[in-house]
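Worksheet: the structure to be examined is printed underneath.
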Ligand code: TEU
Ligand code: CA
């Protein structure tokens, strides 16, 4: 079935780092409004904003104090209404982040909950007695290091926090909690927003035994089997859909770490009435070792292709994929899967081609359309992210990792790589702000910035523009089925998309030297049309030589 969100391209904004309008070094809503024309020129259909709600910012807004108020640093509700109106005026839809696995510990619900065991809000959160030896209820580790339980003096019990201590997990078993959340969602939807990206939505249902997890020799137990895709998650999402989402023409995308294609079929199947699509993590985990992201492993192309193919085939006709390389939690794609030095522009464009020619809804993360790269963290003091800072301290003091080694991992994989200010031009602070930003600007901003690329032929920005146009122009890019060619190649990622008589051939080289390739028979004639390429191409017949990180897309009618 055709749906607008299948034909859309989404652009993610991390408001803190996008554009500062009032010179305090922090991005804000008026800053976003001032760049709507830039986004319109890029051609995207939907904007997703990372959290803009009132928050003490322990985790940059993913710790919400009040779901129905705007973070002071970002502006006011009037600014938000203006942003929504201005976006809609340009034909751009607006999607907000829904963070309902947890709240801030400063949310009024938690302030009440912690007061006494018989407080009406006590069961809004997950409380447990410690063990007799002064240890927490179980051995679970938090995603942000340390135990997932925090002792609270007032009632001498522990509360569960899968993320920071300032992000207590909500108790979805309690129907009152679910009602509060549904009412809040309705309030935003009635304002006219166009959907939600749902933060760790596959963690909301916890297995109620709260038993210890496997430690694998580490400091803490792994809670995943008891909290990921938990026993009631589909029941809760069906309820949310029935009570709220089904009443609006909106899009939903659930963030679902560790979800398999079978899970995703259940979350996104058309007859399931849960979500439209999910963010899967398999391609983001290819360099992880022993469950830890803090490594210096490099990915193998055959693994990457296998993961993408599994998801393309797994959801074909049975759900819908989201396509992403980047978001606010991941390092920059050109540094991670390309070469951000010698083949910077070529590899940025090749990676974009590889993703945008697949089936699913593509997401572009701010700055990706400029080929923004990882930054350099000279010391832990340059980092702002609670995840990296906590991991640095835990691993260097308790796990025998040297500070130099840890800093090397942080440079490679930390989330702050995505969070440096958007590079608008070559002026001071990259045109992001007139004041020192909350996190340092990437040192390469004089070379890599929007002013140097908008309306510049051959730029990474204009290449993204073209990819978006192609998707809007050719339904085959949206709807055709996917097939991988050359599964064994460690150099080329080649795939077809087929729809009736039409076929699309995407050829991407991940190699740093020339690679010869023989076109499939059908494309060896001259009736094919070159839709896009990142190098100048002569007309060709059967054999082609691909240059480093070359990408080409041919259409055969
Ligand atoms: O992320 C959840 C999540 O599991 C990961 O993306 C996580 O941040 C990463 O794997 C750590 O290595 C979501 C948000 O996207 C993230 O920014 C928040 O910090 C987190 O939830 C808590 O709300
Ligand atoms: Ca500001």
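Each value in this text was obtained by applying a stated rule to the coordinates, not by laboratory testing. These numbers were taken from a predicted model, which means no experiment stands behind them. Cβ coordinates were reconstructed from backbone atoms using ideal geometry, including for glycine residues, and neighbour counts include every protein chain displayed.
How far is helix 386-398 tilted, in degrees, relative to the longest principal axis of the Cα atoms in the chain, given as a value from 0 to 90 rounded to the nearest 10?
The angle comes out near 70 degrees.
Report the Cα centroid-to-centroid distance between region 360-429 and region 15-41 in angstrom, as an integer.
A separation of 21 Å, based on Cα centres.
Take residue 397 and residue 501, extend 7 Å from each Cα along the Cα→Cβ direction, and tell me the distance between the two endpoints in nm.
Between residue 397 and residue 501, the simple spin-label model gives 7.0 nm.
Taking the chain as the reference, fit the longest principal axis to its C-alpha atoms, fit the long axis of helix 175-191 to the helix C-alpha atoms, and give the angle between the two in degrees, 0 to 90, nearest 10.
Compared with the principal axis, the helix lies near 50 degrees.
What does the C-alpha gyration tensor say about the overall shape of region 108-160? Classify as rounded when a/c is under 1.5, otherwise prolate if a/b is larger than b/c, or oblate.
oblate
Please work out whether region 163-238 counts as rounded, prolate or oblate from its C-alpha gyration tensor, where a ≥ b ≥ c are the square roots of the eigenvalues and a/c under 1.5 means rounded, while otherwise a/b larger than b/c means prolate and anything else oblate?
prolate
Going by average Cβ density within 10 Å per residue, which order do the peptides 458-465, 365-372, 401-408 take, highest to lowest?
Top of the packing list down: 365-372, 458-465, 401-408.
Residues of region 148-182 with the amide nitrogen closer than 13 Å to a label point 7 Å from the Cα of residue 129, along Cα-to-Cβ, please.
Answer for region 148-182: 156-158.
Where the centroid of each part is defined by its Cα atoms, how far is region 90-151 from region 167-236 in Å?
11 Å
Angle, helix 344-356 long axis vs. longest principal axis of the chain, Cα atoms, 0 to 90°, nearest 10?
On a 0 to 90 degree scale, this one is about 80.
For 468, 228, what ranking results if the residue with the fewest other Cβ atoms within 10 Å of its Cβ goes first?
Exposure proxy ranking, most exposed first: 228, 468.
Please give the FRET efficiency for residue 191 paired with residue 270, using the beta carbon to beta carbon distance and R0 = 30 Å, rounded to the nearest 0.05.
That pair, residue 191 with residue 270, gives E of 0.65.
Of the peptides 333-340, 268-275, how do they stack up when ordered by the mean number of other Cβ atoms within 10 Å, highest first?
Order by mean packing, descending: 333-340, 268-275.
In the chain, what is the volume of the convex hull around the alpha carbon atoms, normalised per residue and reported in Å³?
In the chain, the Cα hull volume divided by residue count equals 146 Å³.
So what does log10 I(q)/I(0) come out to for region 74-229 at q = 0.11, 0.12, 0.16, 0.20 Å⁻¹, using the Debye formula with one equal point on every Cα and no solvent?
The Debye formula, applied to the Cα set alone, gives -0.52, -0.60, -0.93, -1.26.
Determine the calculated [θ] at 222 nm for the chain from helices alone, applying -39500 (n - 2.57) to every DSSP H run no shorter than 4 residues and normalising by the residue count; nearest 500 deg cm²/dmol.
-8000 deg cm²/dmol
Please compute the length gained on full extension between residue 77 and residue 238, using 0.36 nm multiplied by the number of residues separating them and subtracting their Cα-Cα distance.
Contour length minus Cα-Cα distance gives 54.9 nm.
Mind ranking 121-131, 44-54 by how tightly packed they are, going by the mean number of other C-beta atoms within 10 angstrom, highest first?
The densest-packed peptide leads the list: 44-54, 121-131.
Is region 176-300 rounded, prolate or oblate when judged by the Cα gyration tensor, a ≥ b ≥ c being the square roots of its eigenvalues, rounded requiring a/c under 1.5 and prolate requiring a/b larger than b/c?
prolate
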